[in-house]
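The values are calculated or read from the model by the stated rules, or taken from the named source; none is laboratory data. Quick caveat, the model's predicted, so the values are computed rather than measured. Positions of Cβ are backbone-derived with ideal geometry, glycine not excepted, and every protein chain shown enters the neighbour counts. Keep in mind that these areas ignore ligands, DNA and RNA; they rest on the heavy atoms of the full protein, side chains included. Shrake-Rupley method; radii C 1.70, N 1.55, O 1.52, S 1.80 Å.
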Amino acid sequence: ESRNLIVHHLLGVVWIAAMGFNALPSALMLSMMAMDSMIAGGWRLMLRGVVTHALGAVLGVLMLGWLWTPASGPLQQLAALPLLLLHPVFVGHMAHRALAKVRQQRAEFASLSERDPLSGLYNRRYSDARMREELARARRGGAPAVLVMIDIDHFKRINDRHGHDAGDEVIRALAGVLRSELRESDVAARYGGEEFLLLLP
């Protein structure tokens, strides 16, 4: 993607040379390209962009000859308006999408860090933290809390006779029952292989 941006910068400055380095559109295009570089790759890509701008100017002069009309009249000012108005909106939209994706990935990572992938219940690390919180709350306020440990009987026999896929299905089925029966305030976690923990405030 940074390579595409560099090519975009090169062609952009060739176009600036073709306009005779007209001040307003040239400054506008350079500032927009600098903003793109900074968003995409920080100072490193920004510096690469500056070098590319210089190469693009040389290339433009070699291809088109030396054109020098820096003064910007009303026509150039009107022509620059769409870029001035639309480009920041486009960049803002892209930044918004990138931030939304980062937030979504962060939420997914947070969920993965506290969920057991097989059962979909909380994992042991999360349940241990919640147990400490609940114990501290019970000690402060004297409120009761119930801790239930569940173990699937003869689970090894299920795996040996029917295979591990069947054992996984049993774990998922029990997790579904727990989710359907517990309150929102309750915590159900897969604590070990076939061990489950319920924290019932």
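Worth a mention:
- With every protein chain in place, the range 67-185: carbon and sulfur % of accessible area (1.4 Å): 61 percent
- Order by protection proxy (mean Cβ within 10 Å, highest first), peptides 65-76, 27-38: 27-38, 65-76
- Restricted to Cα atoms, the chain shows a radius of gyration and a Dmax of 31.1, 87 angstrom.
- Euclidean distance of C-alpha centroids, the range 1-37 and the range 104-141, integer Å: 50 Å
- A Förster radius of 45 Å, combined with the Cβ-Cβ distance separating Met131 from Ala40, puts the computed FRET efficiency at roughly 0.50.
- Solvent-accessible area per residue in the range 1-84 equals 62 Å², computed with a 1.4 angstrom probe and all protein chains kept.
- All distinct Cα pairs of the range 33-136 go into the 1/r average, and the inverse of that average, the Kirkwood radius, is 19.2 Å.
- Distance between modelled label sites at Trp66 and Leu200, nm, 7 Å Cα→Cβ extension: 8.9 nm
- Sites matching chymotrypsin sites (Phe, Trp or Tyr not before Pro) across the range 109-165 that sit in DSSP coil, with at most 16 neighbouring C-beta atoms within 10 Å: none
- Expected 222 nm ellipticity per residue - DSSP helices of 4 or more, -39500 (n - 2.57), all of the chain, to 500: -25500 deg cm²/dmol
- Distance between the pseudo-spin-label points of Leu11 and His93 (7 Å out from Cα toward the beta carbon): 1.9 nm.
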